[in-house]
1. Return the total of residues in the range 132-155 being open to solvent by less than 10 Å² (accessible area, probe 1.4 Å) and touching a Lys or Arg at 6+ places or on another chain (Cβ under 9 Å).
2. If I go through the range 105-121 residue by residue, how many of them are closer than 21 Å to R80 by Cα and either of a type in the set (S, T, N, Q) or in contact with a Gly (Cβ under 6 Å, 6 or more places away or on another chain) (or both)?
3. Go through (1) basic (K, R); (2) in a loop (DSSP other than H, G, I, E, B); (3) more than 26 Å from G210 (Cβ to Cβ) for K53 and report which single condition fails.
4. Taking the range 6-62 only, how many residues are within 9 Å of the ligand (Cβ to nearest atom), of a type in the set (S, T, N, Q) and surrounded by 15 or more Cβ atoms within 10 Å (Cβ to Cβ)?
5. For the range 249-290, give me each residue that is in a helix (DSSP H, G or I) and open to solvent by less than 60 Å² (accessible area, probe 1.4 Å).
6. Could you list, in sequence order, all residues of the range 201-213 that are surrounded by 21 or more Cβ atoms within 10 Å (Cβ to Cβ) and farther than 12 Å from S37 by Cα?
7. Any residue in the range 34-45 that is touching a residue at least 60 places away in the same chain (Cβ under 8 Å) sitting within a Cβ distance under 8 Å of a residue that is part of a helix (DSSP H, G or I) and within 6 Å of the ligand (Cβ to nearest atom)? List the pairs, counting only those 6 or more apart or interchain.
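The values are calculated or read from the model by the stated rules, or taken from the named source; none is laboratory data. Note that this is a predicted model, so its numbers are computed, not measured. No Cβ is skipped: glycine too gets one built from the backbone with ideal geometry, and neighbour counts run over all protein chains shown. To get the accessible areas, we keep the full protein, side chains included, count just its heavy atoms, and leave off ligands, DNA and RNA. Shrake-Rupley method; radii C 1.70, N 1.55, O 1.52, S 1.80 Å.
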Amino acid sequence: MIDLRLRKVLESDNTKMVLDLNLQFKKGQFITLYGESGSGKTSTLRLISGLMKPDSGHLSIGQQCWFDEDKKINLAPSKRKIGFVFQDYALFPNMTVKENLFFALSDKTDQGTIEELVQMMDLGDLQNRKPESLSGGQKQRVALARALVGKPEILLLDEPLSALDYKMRYKLQKYILKIHQRYKLTTILVSHDIGEIIKLSDLVFELENGKIARQGSPAELFGLGSTSAKFQFTGEIIQIESEDVLVIVTLLVGNDLVKVVCDKEEAKQFYLGDKVLVGSKAFNPIIKKI
Ligand SMILES: Nc1ncnc2c1ncn2[C@@H]1O[C@H](COP(=O)(O)OP(=O)(O)OP(=O)(O)O)[C@@H](O)[C@H]1O
């Protein structure tokens, strides 16, 4: 079990936010932190990694205590079994792919780990190249491999795919799921992409202004279970046009545009930018706000 009860006052210039977190989940789960910009998702990852010190509270990973204010325990980041991947790759530009991985290796004789990761992440043909010659998706595969060199128990992913196009994101999601399962990791992902969250997560925590506003499975949080649809996927409203008594709602689903017809009453609840669930009932597409 992972037990996280942490509090931190975040003050910058003229804003103050109290991060007051209470999260419990099982080891081995794929967790996603979801929520508006500035709600405290990245700060939560920083508290877990030890890069930011909580003001008070408790953090334990199974039997191991990483932070406890009362017991004066605050394990250094290097002692926490964590891998961290950011949106911006953070690779060393002057080192090849293999050197980037080797740099993260504490026991330099353990070449086997690097070889396994190179194979796992399909980096064989790239290992002697420098980051500048790699695509965004290739760099992120290297960053994921590097985060695993230290054999972490917990993998923290801070919007790792948000700079990539849809096709590349889809490919990388498969790698993330593969390593999560292969290394029995507990993975904590920050993501805004509902499709991605549904695909990857066991449990989602929605943050609002530094606190957990909602938690549940993706189906519970995004209302997937409550439509008895034949098929369903998520999209974003990019256009709403009125035509007589009907309204045509245009949605962006991945890279594709989908047009759905609704009646005027039904369409009143929709606004541009809304995330919606698209489904079909008796072959008529329906959309539902999530
Ligand atoms: N080290 C810090 N010291 C003080 N305040 C901070 C610090 N880091 C972040 N904050 C503030 O805390 C709030 C939450 O920031 P955080 O980056 O955790 O949000 P977020 O949910 O990850 O946002 P985004 O989705 O935009 O990345 C913001 O108001 C931010 O300015």
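1. Residues meeting the conditions: 2.
2. 2
3. In the conditions (1) basic (K, R); (2) in a loop (DSSP other than H, G, I, E, B); (3) more than 26 Å from G210 (Cβ to Cβ), K53 misses (3) alone.
4. Within the range 6-62, residues that are within 9 Å of the ligand (Cβ to nearest atom), of a type in the set (S, T, N, Q) and surrounded by 15 or more Cβ atoms within 10 Å (Cβ to Cβ) number 4.
5. A267
6. S201, V204, F205
7. Partner pairs satisfying both residue conditions: Y34/K41; G35/K41.
Listed here are the residues, each with its yes/no results for (1) away from the ligand (no atom under 16 Å from the Cβ); (2) on the phi > 0 side of the Ramachandran plot; (3) of a type in the set (G, A, S); (4) part of a loop (DSSP other than H, G, I, E, B).
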residue	(1), (2), (3), (4)
N100	yes, no, no, no
V118	yes, no, no, no
Q138	yes, no, no, no
K171	yes, no, no, no
K178	yes, no, no, no
I188	no, no, no, no
H192	no, no, no, yes
G195	yes, no, yes, no
